[in-house]
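Undergrad: Below: one structure in C-alpha cells.
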Amino acid sequence: MKQHLVRSFNPWVVVFVGMALFHAWRGSVQDIVIFGGAALLILTQVFGLYSLGFKRQPTVSIAAISATVMISAALLYVSPRHGLVNFLVLIAFVPIGYLLVMHQDRAHPLPSKEDLRGRLTWAIWAAAFALVELVAYLGSKIVGDLSVYPTISVLLDPVLDTSIGRATFVALWLISGVYLFGVRRRR
Amino acid sequence: MTLPQLIVFGYLFFVAIGIALAAIGRLKPEVISPLGQILNFVMSHRITRIALFVVWWWLGWHFLVGVTVR
C-alpha cells in the first residue's frame, strides 16, 4: 500500500491533481474534468494498468500533417470562438493525440549533464512562469479586480477576439503541436 | 509603472527568458542542451508525452472553446 502511494506521487500526477483542485476552487468544471481525467490516465500508466499502444510512433506523411493543420486552422479561424465547430475540432484532436503519444517508450541513451541542466532550467522557467500567473490570479481575487492583476487569459481574451490575434494564436498553437508530437518526433 | 503594466512586463520577461534559453541551447550547447534535444529525451517517456499533449490541448481548449471563468 505504502509502495503504491509512493509510486502515485509521479510529478505529473501531482501537477494535474493540483490543477484539478485549483480549478475546482475556481469553479471551472471543464478544467476539473480535463486535468482530473489526465491525472487518472497518468495513474493508469504509473501502475501499468493500461499499456496498449503502437510499438513505435506511427509515421504520418507530411501531406497528411499539412492537410490536418490547414483544415484545422481554417475551421478554427473562420468559426466563432467558444462555438460548436471549435469544440468539434478540439475533440477531433483527442484521438489524433492518442495515436501520436500512446506508443511504447523507445530506448534512449542516458542524459548528459547538459541535458539534465537544460531540463532543470526549463522546468524552473515553466514553474516560475506558472507562479507569476498564479500570483496574478490570486491578486485579482483578493482585490476583486482583474484589471489590476491581469492573468494571461484576461490579457489574451480581447486579442483573440480580433482576426489577427486569433490567426496568430491558431498558427502558433498548431505549429507547436506539430513540433512536439508530429514531424520532429519522427526523426 | 503601474501594477498591471508591471505584471504584463513580467509575462513578457518570461517570454524573453524562454527565447534566450532556446538561443543559449543552440549557440552554447556545452552550457545547456538545445531544446530539441531535451524534448527528444523527455518525449521518449510515455507519461511525459501524455502530460505535454494534455497541456498543449488544454491551451487550445481554454482559449478557443472554453469561456474564462472570472
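Undergrad: When all C-alpha to C-alpha distances in the stretch A:102-162 are sorted into bins of 10 Å, what percent of pairs does each bin hold, rounded to whole numbers?
TA: P(r) over the stretch A:102-162, rounded to whole percents: 19, 26, 24, 19, 12, 0.
Undergrad: Over all residues in A:110-116, what is the mean tally of Cβ atoms on other chains that come within 10 Å of each residue's Cβ?
TA: Values: counts 1, 5, 5, 3, 10, 8, 4.
Partner Cβ neighbours, averaged per residue: 5.
Undergrad: With N residues in chain A, what two-decimal value do you get for its Cα radius of gyration over 2.2 N^0.38 Å?
TA: The reported ratio for this selection is 1.19.
Undergrad: Specify the residue with the greatest mean-square fluctuation among B:Leu39, B:Leu27, B:Leu59, computed from a Gaussian network of chain B linking alpha-carbon atoms under 10 Å apart.
TA: B:Leu59
Undergrad: What is the list of residues in the stretch A:87-114 whose amide nitrogen lies under 18 Å from a point 7 angstrom out from the Cα of A:Ile71, following Cα to Cβ?
TA: The answer is A:87-100.
Undergrad: Could you tell me the distance between the Cα centroids of chain B and the stretch A:104-140, to the nearest Å?
TA: 8
Undergrad: Taking 0.36 nm per residue of sequence separation and subtracting the Cα-Cα distance, how much length would be gained by fully extending the chain between A:Ser51 and A:Ile91, in nm to one decimal?
TA: On the way: separation 40, 0.36 × 40 = 14.40 nm, distance 2.26 nm.
Between A:Ser51 and A:Ile91, full extension yields an extra 12.1 nm.
Undergrad: Can you tell me which of A:Pro111, A:Pro95, A:Pro80 moves the most in a GNM of chain A? Springs connect C-alpha atoms under 10 Å apart.
TA: Taking springs between Cα atoms under 10 Å, the residue moving most is A:Pro111.
Undergrad: Here is a follow-up. Would you calculate a helix-derived [θ] at 222 nm for chain A, using -39,500 (n - 2.57) for each DSSP H run of n ≥ 4 and dividing by the full residue count, to the nearest 500? All intermediate terms of the calculation are to be shown ahead of the outcome.
TA: On the way: 8 runs with 135 residues, N = 187.
Computed ellipticity for chain A at 222 nm equals -24000 deg cm²/dmol.
Undergrad: Which of B:Gly25, B:Gly60, B:Gly36 moves the most in a Gaussian network model of chain B with Cα springs under 10 Å?
TA: B:Gly60
Undergrad: In addition: Mind checking which helices in chain A clear 18 Å along their axis (Cα) and have mean Kyte-Doolittle hydropathy of 1.6 or more, DSSP H runs only?
TA: Those that pass (Cα extent of 18 Å or more, hydropathy at least 1.6) are A:29-46, A:62-78, A:84-101.
Undergrad: Is there a quick way to get the dipole size of the protein assembly as shown? I mean about its Cα centre, with the Cβ of Lys and Arg at +1 and of Asp and Glu at -1; what is the value in debye to the nearest 20?
TA: 820
Undergrad: Using the Cα atoms as the points, what is the convex hull volume per residue of the stretch A:36-130 in Å³? Working shown, then result.
TA: On the way: hull volume 17.5 nm³, N = 95.
Hull volume normalised by residue count: 184 Å³.
Undergrad: Summarise the partner chain shielding of B:30-38 as one whole number: the mean count of Cβ atoms from other chains within 10 Å of each residue's Cβ. Present the calculation step by step, with values, prior to reporting the outcome.
TA: Values: counts 3, 4, 10, 11, 3, 3, 3, 5, 9.
Rounded to a whole number, the mean comes out at 6.
Undergrad: Per Stokes-Einstein, at 25 °C and 0.890 mPa s, what whole-number D in µm² s⁻¹ belongs to chain B, with the Kirkwood radius over Cα pairs as the hydrodynamic radius?
TA: Details: Rh = 14.9 Å.
For these conditions, the coefficient is 165 µm²/s.
None of the figures in this text is laboratory data; all of them are computed from the coordinates on show. All values derive from a computational prediction rather than experimental measurement. Positions of Cβ are backbone-derived with ideal geometry, glycine not excepted, and every protein chain shown enters the neighbour counts.
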